[in-house]
Every structure is written in structure tokens, then in C-alpha cells.
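One structure below.
The values are calculated or read from the model by the stated rules, or taken from the named source; none is laboratory data. Remember, it's a predicted structure, so these values are computed and weren't measured experimentally. So basically every Cβ, Gly included, is an ideal-geometry build from the backbone, and we count neighbours across all protein chains shown. SASA here: full protein model, heavy atoms, side chains in, ligands and nucleic acids out. Shrake-Rupley method; radii C 1.70, N 1.55, O 1.52, S 1.80 Å.
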Amino acid sequence: MSFTPPVEKCKGSIREVIVGAEGRVGGENTFPFHLWEGEMPNAPMIAMEVYDEPQPEWPEAVRKVYEDVMDDPVAWAKKCQDEFKADAICLQLRSTDPNGSDASPEAAAETVKSVADAIDIPLFVYGTSSPDKDAEVLKKVAETMPDSNIPIGPVDEANHRQIGAAAMGYKNPVVGFTSMDVNLAKQLNVLMIQLGVPEDKLIMDPTTGALGYGLEYCYSIMERDRLAALMQGDDKMQMPILNNLAPETWKAKESRVSEEEEPTYGDVETRGILWEAITATTLLLSGTDVLVMRHPRAVELVRTAVEGLQAQS
Amino acid sequence: MALSGLEIFKLLPKTNCKECGQATCMAFAMQLAAGKAELDECPYVSDEAKAQLGEASAPPVRKVTIGAGDMAVTIGEETVLYRHEKRFENMPGLGVLITDQMDDGQVDTLLGQLKDMEFNYVGQDLRPRVAAIRAADGDKLAALAAKADEQAGAALVLISDDVAALKAAAEPLKDKKPLLYAATEANFDEVSALAKELEVPFAIKADSLEKLADLGQKAVDGDFKEVVLDPSSTTLGDVLKDQTLIRRAAIKKTFRPLGFPTIGFPCDMTDDKLQEAVFASTFIAKYAGIIILSDLDPARVLPLLYLGQNIYTDPQRPMQMDEGIYEINDPDADSPILVTTNFSLTYFTVSSEVEASKVPAWLCVMDVEGQSVLTAWAAGKFVADAIAPFLKKSGIEEKAPHKKLVIPGYVAQISGELEEELGDGWEVQVGVREAADIPKYLRQWSEN
């Protein structure tokens, strides 16, 4: 019996979403990096995180990288762009958290504007997963940045009308957030399409579990999302996927606990970097299009993995 | 084509002799149909049945065991391409490369790590088990293999181009089932003959899938079952491509020449140690059976072991935590008492937020068969008349006698009833709905 490679063509493809002036995410017509049987015109985009207020609780490994820019989101974003060669920035509007500093939508929108003006790469803007506050904040962001193509999220079922309407009005892509469930993800897409959000302005955030903290759920949900989109050709699932992974991996005990406290775990900085890079790589293999990342070394490792995955004989 | 359990049953002796290890011939037939047993395990099967069943009943990816005792690694027996379809069966074996270029100190350090390294995660003990010994010279290969067996009890991969060297190293250790690496186009007959003589598994290696399939066909023709494939992928993209096509051919086409587990060497792909770990993670997610690293730095092995566990856990059966009281941040008699369910994801989310809050707390985890808070509540498992007896017998009252209990915000409606069920002066407080809000809640709790 001689060997014939069992090649499989997909009947669907993922929509391409334009972010910023000319950034492109999605567009693949095959499973992640299956370049022997399909095309993946845009490599997954790595968006490096910037916060709009200092993060003193972060583990040392990431705190020391951003110490000099922690109280200046513009300088922080420029550092990621110029020094770490980020593909994009994801501005996490942590200051707006109603359980935290509870900053106003106006103040947050000002920050968005000054960061957007200072960089040449695409910008994503993320709220704090407080549905009511995110609705106010992200509406204001859309209004302040019309025609900018800045994706805003997370949008969930509770606030999709308010944010969706603003995004339509000002032409922003939106990132729909659902809780690790294929059907919920589809339902939210359907709701936003019914509302009138164009299909090529939708990105999905399926919830990201870090390595050791639910990564396998996320992995399988994303595989099933892609099977629905590509094999079954379900056009309500053909949206690019974004994984907001850095806040999850750097929260994990294994990224934080010192070698003194857990002597068998080895160097804490190596662990933290790998927790992020391995989580990201696993997501690359299950279908991500946008990775929100934090540590520059982890970014470099994942970029090399992407280049490696693209090299096929 | 695969046969159903019933079709297979018709061809069996139907004597229920139990010698195959199953209670009945029917049970054995079901195991065969599921690809979990081999026909050879039935001592009385007729030649006619063998001919009909042999091909159909073998698992699409053969089972291979390397090593013996606690350190043995079993790989293969896989039946799906996507873990949600059923589950991935056998977690990959992680190991380390030991070469004749290393000095004794280096070898001793690596073997010491291999012997002692073990991490407990969600109730499972995870560890690297494999020593891959690479040496050109027969004496050196034999000496290092003997040492790895003696000092670490490791599952062995013996690497040499010289068949005489493989023989010298494998013969004294043949009961430990070392993997001979590797049979190539040039020496297939010699290496496979040695594997047959010693009754040990062997690897086949070629630089294209076509050539690998040719060697695989020879292995099938020679009736070899314990074979491991090395497609010699040099880039990460080829790793993905080769592993995917091998698995797809085996599962979807029942293509026997590639119906074996695989071995990969991220240790040979880069000099950057962190990059190597990232490459290794691709082998883990994408089907490899044995994965060889260049050393055993725990900070790099730990995430890889976790990843193997995550990917190979059964998606149909939620991971569960043991019922009991979990102490977080060193709690004392005045620390808050929280209660939640034993769904591992619930537990991890809650415990990591409690930990991050730096507030000492008692986290009482109740067995509800691994369901989340809302699901268990809806199923009548996480309700007042179940939670109260659990808390009473948990012993929490001795540890923290203040009788204040915080319940998840999602089950606020049970607070009154739970207070009644607990009686005895207990006060039930409604906590937050989202884990992310726990730190703030706990800080406020401890200020009051």
C-alpha cells in the first residue's frame, strides 16, 4: 500500500477583519497552519498589552520590563511598538473598573486618543468585563475615535445593543465575548448581525483559560469553532478569534510563586515567560487570530514559533 | 472497515473463559471494537476468525510500551484527531537526551533529576520518565544505558547508527523494553531482526512520509506491533504537517504502515532553551508520543507536564477536586469561610483569586460530581440541605468557629434556607458572582 497524503480541503473560510489603517486579521481557509492544504494569508497578530494605570501587583518578571512606563500609557505603547516590535497594541482600560479606580468614560477615551495618535500600529481597546460600565466606556471610545477601525470589547449579550450600536455608528469592529461555549458564541454573532453590525466587523473572544487553568476547555472550544466555520461552512462562525491570554497566564500561581516558596518549581521568571508563551502557542494550534500578550521575551518566542510553523517543506 | 462489537462477537469462541482478562466474550468483543484490545489476547480464537478480524480489530494507532515498572511509558492507542470527539488516551512521555559527549557530572545530574522530579497537579503525579541515550560507540552506549536504568529506572531510548552498539546496550536490559532507535532504509532488516530477537520495540526513521510509510509497510509485513515513527521533521511547520498527516492517515484511512505512535526531538531543533520548550509544546498538542528535551530544568519541564495533562484529560468527564477544606494564604480561626463546588475550573478560578487577594481564607470544596456552581444548584446538588451537612462534617467549625459562611453570589437565593439548615447561630453571607471580584470582597470582609 503506497502512501498518499490525506489532504482535506475546507468548504468555508474565516472573514478578514481590517483593524486600524491596514492591519488584517483572519482570512484563513484552513485549520491553523495547515499550509499544505490551504492558505493563511495573515499570520496571527500579537497585540501587546498596555494598561491605563500602573499595575503594582504584577510579578517582578513583567513589572521590571515596564517599570519606566507604567504610569504613562503613551510611553508604554511606544515602548511596545518601537522596542519590542509589537504587531499591535491592546489597551486594557483597567482604570475604568467600577470596583477599582472607576475612571470616567471621558478620561478613558482621552487616553485611547492619545495612545492611538502616538502609534502607527493597530490598536485594540478592552474594558474590564463590567457590562454596564464597559457599555458607557466603549461607546465613548467609539464616539471619540470615529472611522478609526479600532476594535472594542469585550461585548457580551448584556451590553451588545449599546456597544454594537455605537460601533456601527462609528465603524468600529467589535470583539464579542462568550463563556467557553460554541453555541453561545454563535448566538452572540447572530444577535450582533441582527442588530446590523457588519459581519466583517466581528471578532470572537471565546474566553481564555491559562495553562493549568482551563486551557484545554478553550482549546477544544476553539477547535470546534473552527470545525463549524471551516468544515461545515457555518457563516455565523467564520469570525477571527482573539485570545486575551496575558491577564490569565500572569495570574496563575505557577507564574508568580517564587523559587524560595516552591523550591521544586525552578526559576520563577522562566516559568512566567513560558506559562505565557506555551499558552499562546497552544492557542496558535487551535485557531487564534489575535494574541494579547505581555512579556517581550514570550512575544519573541511565539513569533519564532509562528515563523517555524510557516516553514513547511 | 471497522466491525461492530456484535459482528466481532459472532466470530469469537463464546466460551467466556476469561483468559483474555475480560469477564465475557461479549465484553472482549466490545473492547476489540473500541480498539482497546488485541485479538491475540484470546488464546482460542480460530484461524478463520483471525483472518477476518485481524486487520479490522487492531487499534488504528498501535499501543507501544517502553520501559518497565513505575517509569514505563505507554503511548499510542489513539482513536481520534480532536480531543473533544472522545479523548486522547496516553499522555506523551517526556524525557531527556544523554550523550557520550557529556561528562559524568552532567549525566549524574540529569539522572538525579529524572529520578526525583515529580509534580502533583489535580491529584495526578506528573513526571518525566524517558532517558534517550545517544552514543556511537557500543561500550559507551551500554554503559550509559545501564547507568540510566540503575540510577533512575528510566524508560530508555537507545540511539545509535551502529546495530552492534544497539545490541550491546539493549541485550542486558531487554526486560526493561528499551526502544531501539532507529531502523532506516539502510539497516531496517538488521534492526528489526534485533528487535524481534530481544522482544523490544524499535523506531523507524525516514526523511519523508512516503519513505516512512515504506518502512512502516515492512514493519506491518513482518508482523511487528511495537513500532515508533520518526518522520525527522526539521521545522515546526513540518512537525505539525507530519504529525497531522500521520494521525489522519491512521485514524481516517486505517493506513496501517503509519498506524504507530511517534517520537520527536525538540532538543535538536534549537539552542535556545525556552524556544525548545515552546517547540516541545507543539509536539504535545499535536499527537507526539515520546518527546526528548535537552535537559530537565524544572521551570521548563513543569509547564510541559501540565500541558500534557491538560490536553490528555477526558473532556467528557470534568476534572474534579477532592472534597475538603483548602487552606489559602495560611488562614486562622478568624479567617473567612468560603464554599464552592469541586469542578476543577471553578476551584482554580476561585482559589487563584483568593490567593491573589492575599487574604487568608478557608475554601470549603464540596463534591457535586465536578459541576460548576450554577449547574450543581440547578441539579439540586449545591443546595441548602446538601451544603449544611457537608459543612457540619467537614470539620470547619473546629478550625474557624466564627460561624460566618460566604456563599457564591450566583446562589444568593439559598442563603435563608441554608442559614436555617445550619442553625446553631450560623450566618450566611452572599458573596460575589464573578471570581474577579473576590479580592475586593475579601479585603472588605476582613476590614469589617
Residues of the range A:229-258 satisfying the condition of being within 12 Å of another protein chain (Cβ to nearest Cβ) and either under 20 Å from the mean Cα position of the chain (by Cα) or touching a residue at least 40 places away in the same chain (Cβ under 8 Å) (or both): A:M231, A:P247, A:E248, A:T249, A:W250, A:K251, A:A252, A:E254, A:S255, A:R256
Subset of the range B:247-264 (residues that are open to solvent by less than 30 Å² (accessible area, probe 1.4 Å) and part of a helix (DSSP H, G or I)): B:R247, B:R248, B:A249, B:A250, B:R256, B:P257, B:L258
Selection status of A:G212, under 20 Å from B:L240 (Cβ atoms), crowded, with 22+ Cβ neighbours inside 10 Å and within 12 Å of another protein chain (Cβ to nearest Cβ): no
Tabulated pairs, the range B:108-119, first free of Cβ contacts under 8 Å to residues at least 60 places away in the same chain, second in a helix (DSSP H, G or I) and surrounded by fewer than 21 Cβ atoms within 10 Å (Cβ to Cβ), C-beta under 7 angstrom, 6+ apart or interchain: B:L111/B:K147; B:L111/B:Q151; B:K115/B:Q151
Residue among A:V155, A:V141, A:V175 that alone is under 18 Å from A:G127 (Cα atoms), crowded, with 21+ Cβ neighbours inside 10 Å and in contact (Cβ under 8 Å) with a residue 60 or more places away in the chain: A:V175
All positions within the range B:24-47 that are more than 21 Å from B:E77 (Cβ to Cβ) and either β-branched (V, I, T) or free of Cβ contacts under 8 Å to residues at least 12 places away in the same chain (or both): B:T24, B:D47
Of the criteria (1) under 21 Å from A:S129 (Cα atoms); (2) crowded, with 24+ Cβ neighbours inside 10 Å; (3) within 12 Å of chain B (Cβ to nearest Cβ); (4) out of contact with any strand residue (DSSP E or B) (no Cβ under 6 Å at 6 or more places or on another chain), which one A:L202 fails: (3)
Matching residues, the range A:259-282, being more than 7 Å from every other protein chain (Cβ to nearest Cβ) and closer than 20 Å to B:T235 by Cβ: A:A280
Residue ID - farthest from A:E60 (Cα to Cα), chosen from residues in the range A:253-275 that are buried (at least 16 other Cβ atoms within 10 Å of the Cβ) and among the polar types (S, T, N, Q): A:T270
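Restricting to the range A:181-214, count the residues that are part of a loop (DSSP other than H, G, I, E, B) and over 27 Å from B:T346 (Cβ atoms). It would help to see each step written out before you state the result.
From the range A:181-214, those part of a loop (DSSP other than H, G, I, E, B) are A:181, A:196-198, A:206-209, A:211-212; that's our starting set.
Applying the additional criterion that residues be over 27 Å from B:T346 (Cβ atoms) yields A:196-198.
Of the residues in that region, 3 qualify.
Which residues, counting only those in the range B:34-85, are charged (D, E, K, R) and either surrounded by fewer than 15 Cβ atoms within 10 Å (Cβ to Cβ) or not in a loop (DSSP other than H, G, I, E, B) (or both)? Steps first, answer last, please.
So in the range B:34-85, the residues charged (D, E, K, R) come out as B:36, B:38, B:40-41, B:47-48, B:50, B:55, B:62-63, B:70, B:77-78, B:83, B:85.
B:K36, B:D40, B:E41, B:D47, B:E48, B:K50, B:E55, B:D70, B:R83, B:E85 - these are the residues of the range B:34-85 that are charged (D, E, K, R) and either surrounded by fewer than 15 Cβ atoms within 10 Å (Cβ to Cβ) or not in a loop (DSSP other than H, G, I, E, B) (or both).
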Among the residues listed as B:V430, B:V411, B:V354, B:V383, the single one being modelled with pLDDT of 90 or more and closer than 17 Å to B:Y326 by Cβ: B:V354
Selection within the range A:104-141 - among the aromatic types (F, W, Y) and within 14 Å of chain B (Cβ to nearest Cβ): A:Y126
